Structure formats: structure tokens, C-alpha cells
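K.L.:
First, the structure itself, so that you have it in front of you.
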Amino acid sequence: MQNAARHYAIVTAAYWGFTLTDGALRMLVLLHFYQLGYSPFTLAFLFLLYEGAGVLANLIGGWLATRYGITRMLTVGLSTQIVGFGLLSMLDPGWTATLSVAWVVLSQGVCGVAKDLTKTASKSAIKVTQAAAKEQDNGQLFKWVAWFTGSKNAMKGVGFFLGGLLLQTLGFQGSLWLMAGLLALVLLGVVTSLPTLMGKSKASTSAKELFAKNAGINGLAAARVVLFGARDVWFVVGVPVFLYSQGWTFTMVGGFLAAWTIGYGLVQALAPQIVRRSADGLSTEVPAARLWSALLAVVPVALAAAVLMEVPHLEWVVVAGLSLFGVAFAVNSSVHSYLVLAYAGSEKAAEDVGFYYAANALGRFFGTLMSGLLYQWGGLLYALLGSAAMLLVCWLITLKLPEEAA
């Protein structure tokens with residue numbers, strides 16, 4: 001148990017360092033190119049390969065982590081992020097807009113691969129260490145997953161603030177160099193502290209075997225696509241641009257997004273105290289996923305009505321509504337993250353988690369694309385309606401989730 005807890009702590013700390021720089025990177029790119037006059041759709045386009053690359057990265061990363069060990073894949077993910085930062089730092093202000101956009105999209109794609117390799121390896125490590133510790137009660141697994149996911153998102157919120165601060169003080173290139181140096185230290189800690197073959201097992205030998213998941217994994221993957229699409233359809237472009245159009249400064253916009261993400265992470269960490277636990281780990285948790293999905297869908301519908309009626313102090317109504325959205329979304333996300341590990345087996349946990357987070361990346365890709373398009377077509381109203389439609393689909397999918405392990 002002592003070694004398992006130590007490995008869990010090391011993986012969590014490594015992912016904190018990665019997430020801090022990843023959140024800062026998003027703010028660096030968004031604010032830097034918004035200052036240069038890029039349109040909402042172009043801003044969303046800058047992140048498309050970043051999100052799209054994660055679909056393949058998760059599938060392959062889960063298989064590779066099973067075959068070669070989680071520590072090795074965590075090392076590859078951190079190294080790839082450092083390479084991505086280096087590519088972005090080479091951006092030349094003298095380049096044409098087309099070349100600049102192409103270079104940023106390519107570099108962001110490298111960072112997207114890094115993010116999802118690191119995430120898959122880190123989440124898989126939780127299942128492996130929990131099994132190694134022989135703590136097979138589901139309460140312990142839920143607590144570890146909730147703390148890992150919640151603290152990671154809180155760190156990402158700090159990264160949003162850090163990105164704005166670094167851009168203002170060190171500039172675009174200097175910020176990237178500093179973050180690459182920080183990740184190099186994290187990489188050194190992982191290589192020297194974790195067993196090389198942690199999580200290594202017999203990987204799937206065919207595509208059919210890799211994709212042949214149980215009903216619980218498949219259902220959660222489908223729900224995850226629309227759940228994260230429903231968040232990013234307003235989070236990536238819609239809300240930041242809307243708040244800026246209402247007279248907010250970049251610092252205020254970045255501060256709100258940071259506060260939202262930190263609060264969202266804290267609620268995720270508290271999810272085991274919010275969701276009633278069951279002895280079998282599924283009989284009350286699956287209904288909780290259905291309940292919180294339904295509650296979440298109500299929020300964007302109410303906000304869309306407020307936008308349509310042009311209520312007074314609309315920006316503050318949106319801020320309050322999205323704060324409620326963050327609470328319900330955090331509980332949903334935490335329950336989903338727990339359920340995928342509850343449904344998964346320990347032997348091929350990395351493959352199951354990789355498949356699940358490939359769906360997660362597909363949802364972020366779709367949400368990012370629609371964020372730019374819907375906001376350009378109909379402003380925040382269209383973005384919120386798109387979110388509501390996806391959340392309705394998410395709720396319908398959760399009705400089919402099995403309440404017993406396969």
C-alpha cells in the first residue's frame with residue numbers, strides 16, 4: 001500500500017506540472033492571436049488539431065502503455081510537450097498570416113498528442129496502483145480518481161491565470177521557454193522516481209480486440225463525446241469573446257476562466273462526498289450520472305432564454321449561470337471518470353482508459369469546431385443552444401448504462 005500511494009502521489013504531481021503549463025499554453029495562444037485580430041472561427045481553428053490529435057493519441061497511447069509500461073508513456077508525453085513548446089517558440093512575427101496559422105496548428109497538434117498521452121498514462125496509473133495496493137473497495141478508487149481529476153483541473157485554472165501573466169511579463173516566446181524548462185524538471189522526476197515497467201501487461205493483438213469494449217465503456221465513451229462537446233462549444237471561444245465584447249479586459253476574462261476552472265476542479269475533488277456510495281460501486285453511482293446529466297442540461301436552456309430576452313446585466317447572469325453549470329458539470333465528469341475505471345479491468349486498464357479518452361478528445365474537437373462556427377453564426381445564443389442539445393443526448397445515453405459490472 002505504501003509504494004502504491006507513493007506512485008499515485010508522484011503521478012499526480014507530474015500531471016499537475018504538465019497541466020499547469022497546458023492551461024497556460026491555451027491562454028497564451030488565445031490571447032496572443034486575439035490581440036493580432038484573428039476571428040472567432042480562426043481562434044477555434046488554432047485548437048482543432050490540438051483536440052483532433054488526441055483521438056488517435058489516446059487509442060495508441062493506451063495500447064502502448066499496456067505493452068511498454070505507464071512510466072514510459074508518461075515520459076514520452078512530457079517529452080513531446082517540450083518539443084511542442086519549442087516549435088511554437090520558433091514562430092516568426094514576420095511570417096504571413098497563413099504560414100503563422102499553419103505553424104501554430106501543427107505545433108498545437110504536437111501538444112495535443114502530448115496532452116492525451118500524458119492523461120491516458122496518468123489515469124491508468126491510478127487503476128494500476130489501486131489494484132496493486134489490494135484496496136479493492138470502490139470507495140478508495142472513487143476518492144483517488146476524484147482527487148486526481150479535481151486537483152488537475154484546479155491546476156489548469158491556475159495555468160490560465162499564469163498564461164496571461166507570463167504573456168504580459170515575458171512575452172510569447174519567453175513564456176514558452178520557461179514552461180519547457182519547468183516540464184524538463186518534471187520529466188526528470190518521473191524518470192528517476194517511478195518503476196519503468198509499471199502497468200505493463202499483455203496488450204491487444206488486433207484492432208478488433210482493442211475496440212471490443214464492454215457495454216459500460218462503450219456507453220460512457222459515447223456520453224463523454226457529447227458531454228465535453230457541450231462544455232467546449234461555449235468555453236473555447238463563445239464566453240471569452242462574449243465577455244470581452246461586454247467591456248471586460250483580458251485580465252478579467254482570464255481571471256473568470258481561471259476561477260471557473262479552479263472551482264470546477266474543487267467540486268470534482270469533493271464528488272465522493274456529494275454522490276452517495278454503494279457497496280457494489282455501480283448501483284447508486286450510475287443513477288447519479290443520469291440525475292446530474294439531466295440537471296446540467298437545464299442550465300444552458302435557462303441561459304439561452306436569458307440571452308434571447310436580453311435581460312438586464314446579461315454578462316453577470318451568464319457568469320452566474322455558468323458557475324452553476326460548472327458545479328453540475330464537475331460532478332458529472334468526476335462520476336464518469338470513476339465509472340470508466342469501475343467498468344475497466346486492471347489488466348488492460350490503460351487500453352480501456354485510452355479508448356474512453358479518445359472519445360473525450362473527439363468531444364473536445366467537435367465542441368471546439370462548433371464553438372467558432374456557432375458563435376460566428378448566432379453569438380452566445382447559438383452556442384448555448386448547441387450545448388443544451390448535446391447535453392440532452394448525453395442524458396439519453398446514460399439511461400442505457402449498465403448498473404452491474406461485466
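K.L.:
Determine which member of the set Q273, Q246 is open to solvent by 10 Å² or more (accessible area, probe 1.4 Å), at pLDDT below 85 and under 23 Å from A154 (Cα atoms).
P.N.:
Working: Q246 fails: under 23 Å from A154 (Cα atoms).
Result: Q273 is the single residue among Q273, Q246 that is open to solvent by 10 Å² or more (accessible area, probe 1.4 Å), at pLDDT below 85 and under 23 Å from A154 (Cα atoms).
K.L.:
Name the residues in the stretch 72-90 that are modelled with pLDDT under 85 and either among the acidic types (D, E) or open to solvent by 10 Å² or more (accessible area, probe 1.4 Å) (or both), would you?
P.N.:
The answer is R72, M73.
K.L.:
Return the residues of the stretch 362-399 that are open to solvent by 60 Å² or more (accessible area, probe 1.4 Å) and at pLDDT below 90; say none if nothing qualifies.
P.N.:
L362, F365, F366, Q376, W377, listed by residue number.
K.L.:
Please count how many residues of the stretch 236-289 are under 30 Å from G372 (Cβ atoms) and in a helix (DSSP H, G or I).
P.N.:
Number satisfying all stated conditions: 28.
K.L.:
Between a residue in the stretch 248-274 that is closer than 20 Å to V318 by Cα and without any contact (Cβ under 8 Å) to a residue 40 or more places away in the chain and any residue that is open to solvent by 60 Å² or more (accessible area, probe 1.4 Å) and part of a helix (DSSP H, G or I), which pairs come within a Cβ distance under 7 Å, given they are 6 or more apart or on different chains?
P.N.:
Filtered contacts from the stretch 248-274: V253/Y244.
K.L.:
Quick check on F325: is it buried (at least 24 other Cβ atoms within 10 Å of the Cβ) and either touching a helix residue (DSSP H, G or I) at 6+ places or on another chain (Cβ under 6 Å) or assigned to a helix (DSSP H, G or I) (or both)?
P.N.:
Details: buried (at least 24 other Cβ atoms within 10 Å of the Cβ): yes; either touching a helix residue (DSSP H, G or I) at 6+ places or on another chain (Cβ under 6 Å) or assigned to a helix (DSSP H, G or I) (or both): yes.
In short, yes.
K.L.:
Let me ask something additional. Sort out which residues of the stretch 102-116 are modelled with pLDDT under 85 and open to solvent by 20 Å² or more (accessible area, probe 1.4 Å), and write them in order of number.
P.N.:
Residues of the stretch 102-116 modelled with pLDDT under 85: 112-113, 115-116.
V113 - this is the single residue of the stretch 102-116 that is modelled with pLDDT under 85 and open to solvent by 20 Å² or more (accessible area, probe 1.4 Å).
The values are calculated or read from the model by the stated rules, or taken from the named source; none is laboratory data. These figures come from a predicted structure and were not determined experimentally. Neighbour counts run over all protein chains shown; Cβ positions are idealised from the backbone, glycine included. Surface areas here come from the heavy atoms of the whole protein model, side chains and all, with no ligands, DNA or RNA. Shrake-Rupley method; radii C 1.70, N 1.55, O 1.52, S 1.80 Å.
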